[in-house]
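Comments concern the structure below.
All of the numbers you see were taken from the coordinates with simple rules; none came from a lab. Note that the structure is predicted; figures quoted are calculated from it, not measured. Heads up, the Cβs are rebuilt from the backbone with ideal geometry, glycines too, and the neighbour counts pull from every protein chain shown.
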Amino acid sequence: MLELISHLLHMLLSLFALSDQEHITPEHPLQHSIPGGVVILDAGNREQRPQATFRGKPVMLLPPNENRDQWKAVIGIPLSAKPGDHQALINGKTHTFTIKSHPYKEQRLTVKRKHVNLSEEALKRVRAEKKDMLAAFRNFEQTETWQPMAWPLKGILTSPFGLQRYFNGQKRNPHSGLDIAANTGTPIVAPSDGKVTLTGDFYFNGNTVFMDHGEGLISMFCHMDSIEVKEGDVLTAGDRLGTVGATGRVTGPHLHWTVSLNDARINPLLILSPHPGVVSKALLTSAAREDKATNGVVQTAVSAD
Ligand SMILES: [Zn+2]
């Protein structure tokens with residue numbers, strides 16, 4: 001987390017440095033070689049799109065342009081990845097890179113028993129939903145573009161990415177997104193261009209929208225009060241998706257926002273735009289305060305995923 005905060009502060013500092021100049025749009029997501037991070041590899045300078053996979057899945061490819069003379073393979077690293085050497089395949093060749101360990105904090109939460117010890121019926125529902133959600137995370141549309149994202153709403157960051165979670169004392173999957181608390185009814189907007197690929201009311205995630213931004217970059221928005229889009233809608237950054245709510249397994253109204261790259265859930269902070277006003281100072285301060293003061297224990301407005 002400290003590293004991430006330093007990333008953010010770095011972004012903020014670069015804003016001041018740039019304030020009199022034209023904004024520089026980042027060319028690709030921030031590299032952070034840890035579980036839940038992003039690794040960027042050179043993928044050659046041929047005209048033809050390279051073949052690039054990680055763990056058998058296609059990865060984001062960005063073509064050469066005036067600022068880079070090579071294709072870039074942008075690889076999402078799952079939170080479950082072990083520190084050490086990992087391999088990607090680019091045009092049939094093995095590329096080895098190293099993932100560093102990262103001390104994500106623990107978080108202990110108390111939730112309703114029905115949300116930890118599931119009935120047979122609930123389990124059946126959860127399994128069916130998981131299938132649909134995994135399919136949405138595995139969509140891959142070749143667009144060869146990437147656009148930095150904006151925050152999907154203004155709110156308070158109540159739970160950072162990667163926390164190791166315990167629900168009523170039982171170890172569960174780590175927190176694979178950001179929780180941003182805001183009042184019920186607060187509008188949520190598309191953080192960048194993309195297509196709505198799945199909507200629904202899910203057991204844990206409540207009212208949920210999936211957006212496909214291309215090249216295997218997928219967003220998931222959970223616990224919404226209302227959904228204002230439908231599957232197949234093509235959206236521009238800033239278009240309304242719906243509103244903040246408290247549906248599904250939650251302790252209060254907030255947006256849970258997951259960002260996934262090649263089916264690996266990554267820290268959304270790595271794909272956020274550094275433009276002024278997008279990464280707000282208040283949000284940074286609240287994230288830093290959260291990290292320092294709570295030792296990972298957050299009682300309000302957080303979610304299950
Ligand atoms: Zn969450």
**Prompt:** For Tyr166 and Lys82, what is the calculated FRET efficiency with R₀ set at 22 Å and r taken between the beta-carbons, to the nearest 0.05?
**Reply:** 0.55
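Taking 0.36 nm per intervening residue step and subtracting the Cα-Cα distance, what contour gain separates Gln48 from Arg68 on full extension?
On the way: separation 20, 0.36 × 20 = 7.20 nm, distance 1.56 nm.
Between Gln48 and Arg68, full extension yields 5.6 nm more.
How would you classify the range 97-213 from its alpha-carbon gyration tensor, with a ≥ b ≥ c the square roots of the eigenvalues: rounded for a/c under 1.5, else prolate if a/b is greater than b/c, otherwise oblate? Could you put the intermediate results ahead of the total?
Working: a/c = 1.43, a/b = 1.26, b/c = 1.14.
Cα axes put the range 97-213 in the rounded bin.
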**Check: the range 23-99 dipole with +1 on Lys, Arg Cβ and -1 on Asp, Glu Cβ, in debye** = 320
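All other residues with a Cβ under 9 Å from the Cβ of Ala264 taken together, and with Lys, Arg as +1 and Asp, Glu as -1, what is their net charge?
Working: positive: Arg55, Lys57, Arg265; negative: Asp263.
Here the charged neighbours net out to +2.
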**Asked** Hey, if you put +1 on the Cβ of every Lys and Arg and -1 on every Asp and Glu Cβ in the range 23-99, which of Thr94, Ser33, Pro50 ends up farthest toward the positive end of that dipole?
**Response** Thr94
**Prompt:** If Lys and Arg each add +1 and Asp and Glu each add -1, what is the summed charge of the other residues whose beta carbon sits under 14 Å from the beta carbon of Pro63?
**Reply:** -3
**Request:** Output the peptides 261-272, 68-79 sorted from most to least packed, where packing is the average of other Cβ atoms within 10 Å over each peptide's residues.
**Result:** 261-272, 68-79
**Complete:** Honestly the range 23-99 on the Cα gyration tensor test (a ≥ b ≥ c root eigenvalues; a/c under 1.5 rounded, otherwise a/b vs b/c for prolate or oblate) is just oblate
**Item:** Dipole moment magnitude, nearest 20 debye, the range 106-293 about Cα centre, only Lys, Arg, Asp, Glu C-beta charged
**Value:** 960
**Fill in**
Rounded to the nearest Å, the spacing of the alpha-carbon centers of the range 156-191 and the range 194-224 is 15
**Request:** Report the calculated FRET efficiency for Thr184 and Thr98 (r = Cβ-Cβ distance, R0 = 45 Å), to the nearest 0.05.
**Result:** 0.55
**Request:** Kindly identify the range 106-293 as rounded, prolate or oblate by the Cα gyration tensor criterion: order the square roots of the eigenvalues as a ≥ b ≥ c, call it rounded if a/c is under 1.5, otherwise compare a/b with b/c, prolate if a/b is larger, else oblate.
**Result:** oblate
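Please give the contour-minus-distance gain from Gln31 to Arg55: 0.36 nm per residue of separation, less the Cα-Cα distance, rounded to one decimal in nm. Kindly include the intermediate steps, with their values, before the conclusion.
On the way: separation 24, 0.36 × 24 = 8.64 nm, distance 1.86 nm.
My answer for the length gained is 6.8 nm.
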**Complete:** Counting Lys and Arg as +1 and Asp and Glu as -1 over every other residue whose Cβ sits under 14 Å from the Cβ of Glu215, the net charge comes to -1
